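Okay, so here's the structure we're looking at.
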Amino acid sequence: MHNFSFLKEYRIYISFFVLFLIMFMFFPKEGKFKYEYQKGGPWMYETLVAPFDIPILKTQEELADEKESRASKVLPYFLYNENVEGNALKMLAEKAVSSNLSASGFDMLAASLRSIYEKGILPAPDGTYASGKGDMILLQKGKRAEQVLVGDLFTVEKAVSNLEYQLKNILSVQKADSLLASVNIKDYIIPNIIYDARTTELMHRRSADYISPTKGVLYAGQLIVSEGEIVTADIEQLLDSYKAEYEMSYGYSGNRLFLYLSHVILVFVVVGLIYLIILFYNPFLFKQYRSVCFLLSIPLFIFIISVIVRDVDYTLLRMVPYTVFALYMTAFFKSKFVYPIYMVSLLPLLIMVENGVELFFMNVAAGAVGVISFHYFGKGWHQFISAVCIFVSLALIYLSFRFLEEGSLSTLNFVDFIYYMCNAFFVVAAYPVVYLLEKIFGFLSSATLKDMADTNNQLLLELAQKAPGSFQHSLQVANLAEAAAREIDADSLLVRVGAMYHDIGKMQNPQCFIENQAAGVDYHAGLTPMESAQEIIRHVDDGVAIAAKYRLPEQIVDFIRTHHGRSQTLYFYNKFCNEGGDPSMTDEFTYNGTLPTKKEHVILMMADAVEAASRTLKDYSEKSISDLVDRILSLKISDSQLSMSEISLKEINMVKEVFKHYLRQIYHARIAYPERKKSLIRK
């Protein structure tokens, strides 16, 4: 039954070639540092000496300490506000008029205030500057800023004391006290030196910008590390410095042709592995060109996004929600089929980015956790439970690499945990795009199928109301087909939904079908066998019409078209022949459907026939059920109904066993309840 001629479809290979070409064009045109090393591990290469002068980079801890030291030396910045003095003197003049203060008294107070404001009055200390006499601030007067000792400036309290002192030197103590009593002098002493937080912060940032990232030079010919030597923190810093200088200044030093050849091989391996995964896991997918295009778009998007983010800042790759791409694929295909494609799609990270191994392991683990958690927590607010699971998996891999490299928690960067939280949140935020992909590629997501399988669906409720017998038959077929689909690894949810809707055409004329007829009613009485057959056959076309009215997906309509294939209504055909009809007139008794191609279509066809036939059994013994299933499925095979399908004989035999087991469970023997003797019944 298998036919691999579709593998010759040229469009498939054009799609793979386009993926190869785009990935090669965007592959970073640079070499890779040839040494791999890890702190605490041995140096596995030959003794390494500096091939050129190498600036020695400072460690992150050294840079942080130097920034903190520089920041502590930045002086707080203040502005001199000239308007404060004028406003204070104006208020004093108004007070002098209202309190009949003498002109000479006003002049003395004003002169003293001017001398105080000239020096400057600081606000009360609030931690923005030190208040010791030897401490300095930057004070801007006009367009110039100068360093000023805090001790040379006034506070409000010092200004009041100084003013009292000045007056007592000019006047007698009694007159000075009398003058001050007439005016509450504190009301006119207002800080005129204002703290400028923005400029101070800017100076802090600029001081950090001028820190040198290096702390010396490793000259050409000097030893970096000896063969077999343990890579200590100091040696690691020398190696990091060598790597940074090599990538920045020297880059790839070999033949560029070999560089491009390496990229060709690497991209070919990635694209080739994807092709082989599809070929060995689900070769019949090559018949579905849109499915292949969708699957190839995932590694392409992963690659392009990785290259773009890497060029901006490779540390931001920690925030890229790669897991959502695995979820996009599992929404339409089986996870055990698409997860290998997801893993292969992440392979370029190993080569293109810094710490690629760590990033690869993180997203491989997060992808697996995301696929599993979304299976159970994929609806509504439960998606945030999945986000927590993804975050935990990312954080655990991050911690494991830190323990492996450092052996302690001292080098943990908590900003990375924020990246991983964003990553997990972005997975939830980006997941609804799956519904857009569903429309673009004409797929059916698992979420849509689950909604369609709900018996409270409008169309299914209408079927249950108009044709209750057909509805119950559809439920039994759905259970039978779903169990068989699981056994042969077909799409069980798709089969179930197809079974629920395969007989919706019977709503147009429910009494035509025996499962809906009332006792004592025979719809076909008075009809010729040919007329009855036409009435029966019509339910397929009616079902397609109803499906179009309710806009059912084409994948579900295919189940309606194929569930009888091109088989015959044997009951009425045999009756027609027995009554003297021409046996060659088979067309009038043959369904106008299409032959099933997918495994799911075949399963439904067989489940539909077996479930209907099982209702005619008089004896539900194990042998009678087994004979019935064998007879029905053998008839389908001999009638060439499965000639176009992708199902194997082995899978058909597996389906048979599922059907037999399921029917035995339904039609098992039941205990007859004995009746009580009349003499024991209470009166």
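The values are calculated or read from the model by the stated rules, or taken from the named source; none is laboratory data. Please read all numbers here as calculations on a predicted model, not as lab measurements. FYI the Cβ positions are ideal-geometry reconstructions off the backbone, even for glycines, and counts take in every protein chain you see. Quick note on the areas: whole protein, heavy atoms, side chains included, nothing else; ligands and nucleic acids left out. Shrake-Rupley method; radii C 1.70, N 1.55, O 1.52, S 1.80 Å.
Structure values in brief
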| item | result |
| --- | --- |
| Pick from the range 69-109, criterion surrounded by fewer than 13 Cβ atoms within 10 Å (Cβ to Cβ), of a type in the set (D, E, K, R) and not in a loop (DSSP other than H, G, I, E, B), ranking: nearest to the chain's Cα centre (by Cα) | Lys90 |
| Test result for Glu515, in contact with a Gly (Cβ under 8 Å, 6 or more places away or on another chain) and open to solvent by 20 Å² or more (accessible area, probe 1.4 Å) | yes |
| Wholly enclosed helices (runs of 4 or more DSSP H) of the range 167-251 bearing at least 2 residues modelled with pLDDT under 85, surrounded by 15 or more Cβ atoms within 10 Å (Cβ to Cβ) and of a type outside the set (A, V, I, L, M) | 197-209, 233-245 |
| When residues of the range 264-303 are limited to those that are open to solvent by 10 Å² or more (accessible area, probe 1.4 Å) and among the polar types (S, T, N, Q), the one farthest from Leu327 (Cα to Cα) | Gln288 |
| Looking only at the range 615-633, and only at residues there that are among the polar types (S, T, N, Q) and outside any helix (DSSP H, G or I), the one that is least open to solvent (accessible area, probe 1.4 Å) | Ser621 |
| Residue list for the range 516-551, filter: hydroxyl-bearing (Ser, Thr, Tyr) and more than 23 Å from Lys575 (Cα to Cα) | Tyr550 |
| Conditions (1) at pLDDT 80 or above; (2) surrounded by 15 or more Cβ atoms within 10 Å (Cβ to Cβ); number of the one not met by Tyr37 | (1) |
| Candidate set from the range 518-565 (those that are among the polar types (S, T, N, Q) and closer than 23 Å to Thr590 by Cβ); member that is surrounded by the most Cβ atoms within 10 Å (Cβ to Cβ) | Thr562 |
| Long-range neighbours under 9 Å by Cβ, at least six apart or interchain, first residue without any contact (Cβ under 8 Å) to a residue 24 or more places away in the chain within the range 262-276, second assigned to a helix (DSSP H, G or I) and open to solvent by 20 Å² or more (accessible area, probe 1.4 Å) | Gly272/Phe20 |
| Residues of the range 116-140 that turn out to be exposed (fewer than 14 other Cβ atoms within 10 Å of the Cβ) and modelled with pLDDT of 85 or more, as a count | 1 |
| Count of residues meeting criterion [surrounded by fewer than 20 Cβ atoms within 10 Å (Cβ to Cβ) and either hydroxyl-bearing (Ser, Thr, Tyr) or under 14 Å from the mean Cα position of the chain (by Cα) (or both)] in the range 329-363 | 2 |
| Every residue from the range 427-472 that is outside any helix (DSSP H, G or I), within 29 Å of Ala368 (Cβ to Cβ) and more than 22 Å from the chain's Cα centre (by Cα) | Ala453 |
| Tally of residues being in contact with a His (Cβ under 7 Å, 6 or more places away or on another chain) and modelled with pLDDT of 75 or more across the range 47-73 | 0 |
| Flag for Tyr523 being in contact with a helix residue (DSSP H, G or I) (Cβ under 8 Å, 6 or more places away or on another chain) and touching a residue at least 24 places away in the same chain (Cβ under 8 Å) | no |
| Any chance Gln568 is touching a strand residue (DSSP E or B) at 6+ places or on another chain (Cβ under 6 Å) and either surrounded by fewer than 21 Cβ atoms within 10 Å (Cβ to Cβ) or of a type in the set (S, T, N, Q) (or both) | yes |
| Count of the range 49-68 residues which are in contact with a strand residue (DSSP E or B) (Cβ under 7 Å, 6 or more places away or on another chain), of a type in the set (A, V, I, L, M) and open to solvent by 40 Å² or more (accessible area, probe 1.4 Å) | 2 |
| Some residue of the range 506-515 being touching a Cys at 6+ places or on another chain (Cβ under 9 Å) and under 27 Å from Lys575 (Cβ atoms) | yes |
